[in-house]
Amino acid sequence: MTATASPARGTPEGPRVTAGGGDERLLRVSPLRRLLGRPELGAVVGAVAVFLFFSFTADSFLRPSSIGTVLYAASILGIMAVPVALLMIGGEFDLSAGVMVTSSALISSMFSFQMTANVWVGVLVSLLVTLGLGAFNGIMLTRTRLPSFIITLGTFLMLTGLNLGLTKLISGTVSTKTIGDMEGFPAARKLFASSLTIGGVDLKVTILWWAALVALASWILLRTRYGNWIFAVGGNADAARAVGVPVRGTKIGLYMGVALCAWVAGQHLLFSFDVVQSGEGVGNELKYIVAAVIGGCLITGGYGSAVGSAVGAFIFGMTDKGIVYAEWNPDWFQFFLGAMLLLATLLNAWVRKRAEASR
Amino acid sequence: MTAGTAETAGTGGAAETGGTAGTALVELDGVAKFYGNIRALEGVSLEVHAGEISCVLGDNGAGKSTLIKIIAGLHRHDAGDLLIDGVTTTLGSPREALDRGIATVYQDLAVVPLMPVWRNFFLGSEPTKGRGPFKRLDVTLMRETTRAALLRMGIDLRDVDQPIGTLSGGERQCVAIARAVHFGAKVLVLDEPTAALGVKQSGVVLKYVAAARDAGLGVVLITHNPHHAYLVGDRFVLLKRGAMAGSHTKDSITLDELTRQMAGGSELEELSHELERATGPEPDVTASNVSASDGTAPGEASGKPLRPA
């Protein structure tokens, strides 16, 4: 790449003289401009702002232990925000994601307890059933062609009811029986709910799960055929179908991805407390969506990133815990979140407009 | 200009009008399609030969889109025969049509606006490298191939990384055509490629259509603009209310006659009587710019094919 120093803008209808290397009509894009084109930029700016804000207002915010706590809060949300972001890039919603986490935890707990089986059996059964729930969402969506809002609102309500109803029916109360003394529990706890200390900072294993999922999702999204299809399916499903992309399969796969992560989050929920409250999870689905949107996902599909969803979840974690460290009334959390969502969305829209104009 | 001279070709198919040797790449013979009790298409015959452009003309609702969807594999035909390379076939999906070498470029362009040009170019046929869990998109190959393939068609794009939505309608159309040519399509189906374009951009697109023909593809050009069709077409099939209203080769029809038939012949005359009060209307108002150069333009278009430098 030779330095094309001549700032010749050339005639508007430049002749076909692409000499070897770069194109003379292509002005060198500054790294800043390139950065502006990234979907997660708005979220990164927001994250820095939130970080600085709490660093100054909350004294204990910068302590190593606080960092562990913030990351933990972020990871719980982030594990689900990743597949929800992918799904959103694919042009769909999943309102059942929040309660599906609880369902997944309830299934492993109750199956193990009722069958007095090794908890790993329950964990495996839960994986299969949860994947089935995801597939159900996807198949219903692609078969009926109803909006995903309606389909998953339906499964959301049904799962909420099933969680409460079946738990009461089977264990007699609204929570599951403790499985802490059952076979396989310590090992499962190690995998899903242990913590490790690195440099004096107490880090939960969910942070590793989260990081791994973000890396995996980014790889899939940017470097595999399936990732290309996700963007295409969300950006223009008809066009994707016309060039031979399996639109149905792609969407079903995305819903099963949400289910897979719901299983991970559900197992964490179970093994960190060893009992599960059957009414939990309602409302979380919106938090996942908020994290994905703050992270730069376009609500209409076709645009976004997995890393963005992670930054969104991190903002979430910082705000959630920062308010506590600043010793404010935690009731303000929701207000903060709403304001953040609006700001992030506005910023994203502005950034995208600038990025496209700069081309 | 009395009506009733060339309304005869409605039956019997297009075979007798063309004198081309060899089997057609794609041939429709008396094809019909019904949606419930609605007759969308009936008794339509069409031949597509390598290195030729077959034009399908018709007004809105004439059945052009249905015809395309049958050739593209989006719909199955209900009666008649669809022959690919002389063999009777039914296409079950767009993928199947693609595998048989039939590529379709749709009116709404079949691109994903927010995706970069190179991702769009390879969409559905992405090359990969590596194996197992490390199987990944060959990004450098994709970028370079896109640039090279576009250049070969004479499209010099500034940046293959820009979202394809930032290109103009004509440019997008050309990218879609280049994509079809690159993936070894034998038959290129173009749905109203010039419908939403200005005169100059239409000219550019028609040049790429001609370039695809010169590359040896059989082209089906769907349009409601007889001027554009006559510039590049070798065969013309007229559709009217779901049925075939005529089938001609280039040397058996003049542009005026084509325009007249296309516009509905006697209906148009009736209309011109009705409108006489306002202005003295020429047949077909939309493309009068192009029709100004009737005599020379067809020769020019085929005589000056696009040669990649």
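See the values below:
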quantity	calculated
Derived scalar couplings ³J(HN,Hα) [region B:123-129; Karplus, 6.51 cos²θ - 1.76 cosθ + 1.60; whole Hz; x for Gly, Pro]	3, x, 9, 6, x, 10, 9
Column: log10 I(q)/I(0), Debye, Cα scatterers of region A:172-296, q = 0.12, 0.14, 0.17, 0.19 Å⁻¹	-0.65, -0.82, -1.04, -1.16
Mean projected area (nm²) of the alpha-carbon convex hull when region A:94-153 is viewed from all directions	3.9 nm²
Semi-axes of the equivalent ellipsoid for region A:119-171, Cα gyration tensor, largest first, Å	24, 16, 6
Rounded tilt (10° steps) of A:119-144 against the dominant C-alpha axis of chain A	50 degrees
Relative contact order, percent, region A:206-253 [alpha-carbon distance under 8 Å, six or more residues apart]	24 percent
Rg/Rg_ref, region A:275-348, where Rg_ref = 2.2 N^0.38 Å and atoms are Cα	1.20
Virtual spin-label span in nm between A:S195 and A:V45, 7 Å along Cα→Cβ	3.6 nm
Whole-angstrom gap from region A:65-113 to region A:281-296, using each part's C-alpha centre	10 Å
Local electrostatic count at B:V181 - Lys and Arg +1, Asp and Glu -1, tallied over other residues with Cβ under 11 Å	+3
Percent of C-alpha pairs per 5 Å bin, region B:128-214, short to long	3, 13, 22, 22, 17, 11, 6, 4, 2, 1, 0
log₁₀ of I(q)/I(0) at q = 0.10 Å⁻¹ - region A:63-185, Debye sum with one point per alpha carbon	-0.40
Share of Cα-Cα pairs in region B:38-117 lying beyond 17 Å, as whole percent	53 percent
Chain A - percent relative contact order, Cα under 8 Å, separation 6 or more	34 percent
Coarse-grained scattering of region B:23-178 at q = 0.16 Å⁻¹, given as base-10 log I(q)/I(0) from a Debye sum over alpha-carbon atoms	-1.00
Candidates per trypsin sites (Lys or Arg not before Pro) in region B:40-77, loop by DSSP, up to 10 other Cβ within 10 Å	none
Solvent-accessible area of B:V87 with every protein chain in place, 1.4 Å probe, in Å² to the nearest 10	90 Å²
Cα principal axis extents for region A:126-246, largest first, Å	55, 46, 22
Distance cut-off 22 Å, percentage of C-alpha pairs in region A:226-359 lying past it	53 percent
Sum of side-chain charges, B:R235 neighbourhood, beta-carbon under 9 Å (Lys, Arg +1; Asp, Glu -1)	-2
Sparse-neighbourhood loop sites, trypsin sites (Lys or Arg not before Pro) in region B:118-205 - DSSP loop, at most 13 other Cβ within 10 angstrom	B:R131, B:K135
Local electrostatic count at A:L153 - Lys and Arg +1, Asp and Glu -1, tallied over other residues with Cβ under 13 Å	-3
Karplus (6.51, -1.76, 1.60) ³J(HN,Hα), θ = phi - 60°, over region B:62-71, in Hz, Gly and Pro reported as x	7, x, 5, 5, 4, 4, 4, 5, 5, 5
Whichever lysines have a C-alpha closer than 21 Å to that of B:K200, once near sequence neighbours (fewer than 8 apart) are set aside	B:K304
Where N is the number of residues in chain A, Cα Rg divided by 2.2 N^0.38 Å	1.11
Nearest-0.05 FRET efficiency for A:D181 and B:L141, computed from C-beta distance (R0 51 Å)	0.35
Sequence-distant residues sharing a close amide H with B:T128 (under 5 Å, placed H)	B:D138
In order through region A:262-275: 3J(HN,Hα) via Karplus (6.51 cos²θ - 1.76 cosθ + 1.60), integer Hz, x for Gly, Pro	4, 5, 4, 5, x, 5, 4, 4, 5, 7, 7, 10, 6, 10
Pairwise FRET efficiency - A:L124 versus A:A211, Cβ, R0 = 22 Å, nearest 0.05	0.35
Loop trypsin sites (Lys or Arg not before Pro), region A:90-194, which have at most 12 other Cβ atoms in a 10 Å radius of their Cβ (DSSP)	A:R145
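The values are calculated or read from the model by the stated rules, or taken from the named source; none is laboratory data. None of these values were measured; they are calculated from a predicted model. So basically every Cβ, Gly included, is an ideal-geometry build from the backbone, and we count neighbours across all protein chains shown. Side chains included, ligands, DNA and RNA excluded: accessible areas come from the protein's heavy atoms. Shrake-Rupley method; radii C 1.70, N 1.55, O 1.52, S 1.80 Å.
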